[in-house]
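Participant: Can you keep this structure in mind? I'll have questions shortly.
The values are calculated or read from the model by the stated rules, or taken from the named source; none is laboratory data. No experiment lies behind these values; they were computed from the predicted model shown. Note: ideal-geometry Cβ built from the backbone for every residue, glycine included; neighbour counts use all protein chains shown. These accessible areas exclude ligands, DNA and RNA; they are computed on the full protein's heavy atoms, side chains included. Shrake-Rupley method; radii C 1.70, N 1.55, O 1.52, S 1.80 Å.
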Amino acid sequence: MAEPGRIAFCDFEKREEMTPDQVAEVFTKVAGTYDETWKARHYKDHVYVAEAVADFYPGDRASVQVLDVGAGTGMLAEELWGKGFRLIDGLDPSHGMKVEASKKGVYTNYYTEFMDGKRLDCFATDAYDCLVVAAAFNTGFIPCAALPEMTRLVKPDGLICFGIPDSRFTEVKDYVDRLAPLMELMEEQGVWELVDTKYCHDFYDNANPGNIFRYVVKASDIDAAKFIDRLGPVG
Ligand SMILES: C[S@@+](CC[C@H](N)C(=O)[O-])C[C@H]1O[C@@H](n2cnc3c(N)ncnc32)[C@H](O)[C@@H]1O
């Protein structure tokens, strides 16, 4: 019989009752076969994010400081590397995913941390030009409350780019009636400005449509609590 941890890798709902540490452990267990699994499922979120980021930086990309959140085995960083980005740090709580990513040599630093809303003192405010996320907005992964901390790490006029399948907004309990309103509130309050969204019809399994979001940060050093306190209850 398959271990519960391995089932939770593919059956997202199984992660609802897990602690963040247990979710990270699920990824450590599957890290060695992660890339082949998702290549076989025609996973493309990372490709679309990399294209959108490269489009934002048409010139010299080698000096752009990038933080890849929910970095995993580095599939997104590999795409960025192929487009000329060289200064890429990763952040992910799973030690096993870090081990796999390290084999690729695409990250300068890899922080085994959660992006979960708490202030990450290992990072200075405005440390990065660009922050990217692929496939890490889902059940048990990055919570809504992490968005203000993500903006703190990016310089004003820097880019935050992430992909989110449409179904996440209605199926992930933490995001229902919370994630989209928070994204809008942060824009109303001058924290970031939406550059554009790009609709993609196939994030994985030749299905699962969603959007690639590109935001330019306008005010990075914000009072995160002001935004988190306005999130409604989960569920
Ligand atoms: C589906 S994988 C995506 C990995 C990679 N971005 C890719 O495109 O292949 C999701 C990753 O998010 C990580 N993760 C889970 N919770 C997280 C959190 N709160 N902050 C950052 N990463 C998290 C997991 O450990 C896992 O490696």
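Participant: Residues that are open to solvent by less than 20 Å² (accessible area, probe 1.4 Å) and over 17 Å from the mean Cα position of the chain (by Cα): does region 203-223 have at least one?
Facilitator: Yes, because at least one residue in region 203-223 is open to solvent by less than 20 Å² (accessible area, probe 1.4 Å) and over 17 Å from the mean Cα position of the chain (by Cα).
Participant: Go through region 68-174 and tell me which helices (runs of 4 or more DSSP H), entirely inside it, have 2 or more residues that are near the ligand (Cβ under 8 Å from one of its atoms) and under 19 Å from Y34 (Cα atoms).
Facilitator: Correct list: 75-82.
Participant: Working only within region 112-136, note down all residues that are closer than 24 Å to Y43 by Cα and open to solvent by 30 Å² or more (accessible area, probe 1.4 Å).
Facilitator: T112, F114, A135
Participant: I need the full set of residues from region 18-58 which are among the small types (G, A, S) and open to solvent by 50 Å² or more (accessible area, probe 1.4 Å), in order please.
Facilitator: Correct list: G32, A40.
Participant: Is there a residue being within 12 Å of the ligand (Cβ to nearest atom), assigned to a helix (DSSP H, G or I) and touching a residue at least 24 places away in the same chain (Cβ under 8 Å) anywhere in region 38-45?
Facilitator: Looking through region 38-45, at least one residue is within 12 Å of the ligand (Cβ to nearest atom), assigned to a helix (DSSP H, G or I) and touching a residue at least 24 places away in the same chain (Cβ under 8 Å).
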